[in-house]
Amino acid sequence: MIRIFESGDELSAAIADEMLLHLRKDPRPVFCLASGSTPQASYAKFAALAKEEPRLSQLRIVSLDEWVGIERTSEGSCYGMLDADLFSRLPIDPGAIAFFDGTSADLQRECERIDSCIAHGPITFSLMGIGMNGHIGLNEPGLPVLDRSSVVRLSSTTREVAQKYFDHPTELDFGITLGLGQIAASKRVVVAAVGRKKASIVRTILTRPEADLPAQKLLGHSHIDFYLDAEAASELEANVTE
Ligand code: PGA
């Protein structure tokens, strides 16, 4: 289903509510959460709602992706962004967070380590953003749907767009990411896009199936919804979402 919200604020509030619902209802809540600009407001709202929630002690977090070669202490690392936007605001046990180490000398083992975290129990709630090139996590266009984590070469779009996360020019060549198949296997997935700059890629995703973009592979599943604010949906004809 595609849901269009009047504002980014409304979209973020709906996502925060849903995160709280899943935290409370899933016996073993496992969240896989995107970093980046899109979910920031949702995390602020969720943190405010969930600050005193006893179920937080049950929550486990599984890493979605990370830049290869970037220390987690870097403010632009995926961990660094999630830490600033969410982890630091809530009493989450660091031991309950399984995150890719993009500086590991053995990235294959990192993939296996994160894969093993979801081998015995599914991700119960995933929140994904949409890249300017239609990627999900760091599943770049052209990559097959994988049921395991992998190290991927970043597209030029991703390398350029990601500079916004860093305060100095940063060389990014590879990423490490959960596979699209693993994300799709979550019990519930919300894919979000906000802002005018996402309008064009959102239109491509929803109207040009031949583009064969990663985000398109998440369309048409009953447990996966696309949440758009009015700006991200501004290039869509009304009938696309009917
Ligand atoms: P953004 O990134 O939320 O910062 O726009 C989304 C993505 O690249 O997946």
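Every read-out reported here was derived from the displayed coordinates using simple, explicitly stated rules and does not represent laboratory data. All of these numbers come straight from a predicted model, not from anything done at the bench. Note that each Cβ is placed from the backbone with ideal geometry, even for glycine, and that neighbours are counted across all protein chains shown.
Quick notes
- Karplus 3J(HN,Hα) series, Hz, for segment 140-146 with 6.51 cos²θ - 1.76 cosθ + 1.60 (x for Gly, Pro): 7, x, x, 7, x, 6, 10
- Cα-only Debye scattering, segment 76-151: base-10 log of I(q)/I(0) at q = 0.15, 0.18, 0.20, 0.22 Å⁻¹: -0.66, -0.98, -1.22, -1.43
- Percentage of interatomic Cα-Cα distances in segment 1-117 larger than 18 Å: 53 percent
- For the chain, modelled as a GNM whose springs connect Cα atoms under 10 angstrom apart, the maximal fluctuation among Ala48, Ala13, Ala184 occurs at Ala48.
- Overall dimensions of the chain, expressed as equivalent-ellipsoid semi-axes from the Cα gyration tensor (√(5λ), whole Å, largest first), are 24, 22, 17.
- Between segment 137-185 and segment 202-235, the alpha-carbon center distance in angstrom: 18 Å
- Extension gain (nm, one decimal) between Ala96 and Ser7, 0.36 nm per residue minus Cα-Cα: 28.8 nm
- Per-residue HN-Hα couplings for segment 67-74 [Karplus 6.51, -1.76, 1.60; θ = phi - 60°; Hz; x = Gly/Pro]: 7, 6, x, 9, 5, 5, 6, 5
- Intensity falloff of segment 119-242 expressed as log10 I(q)/I(0), Debye formula with alpha-carbon point scatterers, at q = 0.10, 0.16, 0.18 Å⁻¹: -0.32, -0.81, -1.01
- Taken along its three principal axes, the alpha carbon spread of segment 26-80 comes to 36, 22, 17 Å, from the longest extent down to the shortest.
- 20 Å cut-off, amide nitrogen to a point 7 angstrom out along His221 Cα→Cβ, residues in segment 166-205: 176-194, 202, 205
- Whole-Hz couplings from phi, Karplus 6.51/-1.76/1.60, listed for segment 192-205; x for Gly and Pro: 10, 9, 10, x, 4, 5, 8, 4, 5, 5, 5, 4, 4, 4
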